[in-house]
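Here's the structure we're looking at; comments come further down.
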Amino acid sequence: SIGLALADTLDDLIGSRRIEPQLAIRIMQNFDQSIATVLGEKVKARMTFKGHLDTYRFCDEVWTFIIKDIHFKMDGNNQFDAEKIKIVACLAKDKTAA
Amino acid sequence: MSPDTSRSNTPNSREPIPTTPLPIHGPTISNIVCGAHLNCLFDLHHIALSARNVMYNPKRFPAAVIRHRRPKATGLVFATGKLQVLGCRSVSDAVLACRRFARMLQKLGYQPRLEDFVVQNIVANADTRMLIRLEGLQYAHPAFCRYEPEIFPGLVYSIMEPKMTVLVFAGGKLVLLGAKNEGDLEKAVKVLYPVLTLFRRS
């Protein structure tokens, strides 16, 4: 995902001593804020899925779901199936979320 | 049988106890709440991370809520070792569910010992198959009834012996709350049914 790619890039830059770790933290925080805004406002694509909830967990304000035999539908025409997916979700307002 | 005006709402003791089954559907148990002590301290955070189907939100409620599928039951596990099991439809299921929760916690590394299993509340439904005049019932037994149709369409009838609450609805359905065992449910229905037939809407 974008966030992981950014984190990797920042780690490389820190490793080659081109930026400070504090600057990297500032960049990550900025990224978190902007990605939250963009996902909320700008992204219009829709997706729905149906499946069987195998397991759920809620601890430290983080939800983890394991869903089996899912059927995804995107924008009406795109459809595909998956055997098992794992969803990790946390509160949108939390700025420290990864 | 004349309406009871005395404090107790049990039938007159000189009346023979009816042996024919009452024409009632039920009572069918819909929920049992029971408590047990597992005699073991728990790290709820660790349980929430290792067990499946757990919800733990200490800011809202100090217990881990774990759900099982067979028998379908919800368990509240407290850090002190107390366990509450909700949602079972029979006492044997409730005992089995308690054992399953204890076994699950044992597999996580604790040493629970299931003790002090107590059924705290049984909720049941029954259908008298007749229409009931709730206003008439409230007028006759004001000490036992609470009926405010604008707030809730059911009449809340408090039975003294066994100490229970019954929600009586005009369509004839009953919801029995507060029973501690199945015998209490049967007794409550036997006490209440004769009273209700007096207020049948013809």
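The values are calculated or read from the model by the stated rules, or taken from the named source; none is laboratory data. On a predicted model such as this, the values are computed, not experimentally measured, just so you know. Positions of Cβ are generated from backbone atoms using ideal geometry, with glycine treated the same way; all protein chains shown enter the neighbour counts.
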Is it true that A:LEU53 is over 19 Å from the mean Cα position of the chain (by Cα), of a type outside the set (Lys, Arg), surrounded by fewer than 13 Cβ atoms within 10 Å (Cβ to Cβ) and within 30 Å of B:LEU44 (Cβ to Cβ)? yes
Selected residue (criterion: nearest to B:GLU182 (Cα to Cα)) from residues of the range B:83-98 that are among the small types (Gly, Ala, Ser) and in contact (Cβ under 8 Å) with a residue 24 or more places away in the chain: B:SER90
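Just one of B:GLY136, B:GLY154 is surrounded by 14 or more Cβ atoms within 10 Å (Cβ to Cβ), over 19 Å from B:GLY26 (Cα atoms) and of a type in the set (Gly, Ala, Ser); which is it?
B:GLY136
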Test: B:SER30 is modelled with pLDDT of 90 or more and either in a loop (DSSP other than H, G, I, E, B) or surrounded by 14 or more Cβ atoms within 10 Å (Cβ to Cβ) (or both): yes
Across (1) touching a residue at least 24 places away in the same chain (Cβ under 8 Å); (2) exposed (fewer than 10 other Cβ atoms within 10 Å of the Cβ), A:GLY3 clears everything bar (2)
Residue satisfying condition, being among the basic types (Lys, Arg) and under 25 Å from B:PHE42 (Cβ atoms), within set B:ARG133, B:ARG129, B:ARG89, B:ARG103: B:ARG103
I'd like to check something: does the range B:127-136 contain any residue that is touching a His at 6+ places or on another chain (Cβ under 7 Å) and more than 25 Å from A:TRP63 (Cα to Cα)? yes
Counting residues that are within 14 Å of chain A (Cβ to nearest Cβ), which strands (runs of 3 or more DSSP E) fully inside the range B:50-95 reach at least 1? B:54-56, B:63-68, B:73-78
Qualifying residues in the range B:54-64 (those that are in contact (Cβ under 8 Å) with a residue 12 or more places away in the chain and surrounded by 18 or more Cβ atoms within 10 Å (Cβ to Cβ)) - the one farthest from A:THR55 (Cα to Cα): B:ALA63
Criterion first (over 30 Å from B:ALA170 (Cβ atoms) and in contact (Cβ under 8 Å) with a residue 12 or more places away in the chain) does B:THR80 satisfy it? yes
If you take the residues in the range B:21-49 that are of a type in the set (Val, Ile, Thr) and away from chain A (no Cβ under 14 Å), which one is nearest to B:LEU105 (Cα to Cα)? B:VAL33
